[in-house]
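Notes follow the structure.
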Amino acid sequence: MALINIEGKIEMSKHITFIDLDETLVKTFAKIYVMKNGSIVKELTNAEFNTYELSDDETFDFTQFTSSDIFENSIPINENIRKILEMKGEKIILTARDDFTNKEKFIKILNKFGIPAGHYKDGDIHVVRCADVNFRPPQAKVNMINRILDKRPDVKSISLIDDSEQNLQEVGNIKRVNVDLYLADESTITSYL
């Protein structure tokens, strides 16, 4: 997107593409446990978790989602990785996961899958974790994007590529920048709404 500055010169505005991790870049097999009175009552996939409503006496246990060892068994979604790497501009992997047990191992696994993860100042794809026990993933992602935008007034537009329609809908409500949304599955990335 081009903007005209005060002097009448054309400047390119900054764009960031935010990319979901699980089921967008990699097929994962980690489960979220639904706990009741200290016992596991149900195991949820990432997709099931996105829509599961806890009862008053239930809690979530995300232990497997912090394990770098479990992530090692993930399968790269090569077609989506290829399409994303072809996109121009800054990219950030935005995951609802919490800290990993071994960050270096996690980055090495992403690199092995062909995803140049690392620090954005080195030109790599930065990984941002936005797990927040106080918010469901859609709101946690919006909160993190807004925190990034607070620090980056040069950004005038964003995209989100995600397998969760709830995440896309919630991020689509951000009005402070132009927002493009893309729905991902195991082989395609298509415009959403």
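Structure notes:
- Filtered residues of segment 144-176 (kept if part of a helix (DSSP H, G or I), surrounded by 15 or more Cβ atoms within 10 Å (Cβ to Cβ) and of a type in the set (S, T, N, Q)): Gln166, Asn167
- Cβ-Cβ contacts under 8 Å between residues 6 or more apart (or on different chains), taken from a first residue in segment 61-73 that is over 11 Å from Thr28 (Cα atoms) to a second residue that is surrounded by 17 or more Cβ atoms within 10 Å (Cβ to Cβ) and among the small types (Gly, Ala, Ser), are listed as Ser67/Ala30.
- Members of segment 1-54 that are modelled with pLDDT under 90 and either more than 29 Å from Leu181 (Cα to Cα) or in contact with a Cys (Cβ under 6 Å, 6 or more places away or on another chain) (or both): Ile6, Glu7, Gly8, Lys9
- Of the numbered criteria (1) closer than 22 Å to Lys14 by Cβ; (2) over 16 Å from the mean Cα position of the chain (by Cα), the one Phe113 fails is (1).
- Top-ranked residue in segment 158-189 [being among the hydroxyl-bearing types (Ser, Thr, Tyr) and modelled with pLDDT of 95 or more; ranked as nearest to Val26 (Cα to Cα)]: Tyr182
- Members of segment 119-140 that are touching a Pro at 6+ places or on another chain (Cβ under 8 Å) and not in a loop (DSSP other than H, G, I, E, B): Ile125
- Qualifying residue in segment 44-56 (condition: of a type in the set (Val, Ile, Thr), outside any loop (DSSP other than H, G, I, E, B) and either more than 21 Å from the chain's Cα centre (by Cα) or surrounded by fewer than 20 Cβ atoms within 10 Å (Cβ to Cβ) (or both)): no
- Among the residues making up segment 94-123, those that are in contact (Cβ under 8 Å) with a residue 24 or more places away in the chain, polar (S, T, N, Q) and either surrounded by fewer than 19 Cβ atoms within 10 Å (Cβ to Cβ) or closer than 11 Å to Phe71 by Cα (or both) are Thr101, Asn102.
The values are calculated or read from the model by the stated rules, or taken from the named source; none is laboratory data. Remember, it's a predicted structure, so these values are computed and weren't measured experimentally. All Cβ positions, even for glycine, are placed from backbone atoms using ideal geometry, and neighbour counts span all protein chains on display.
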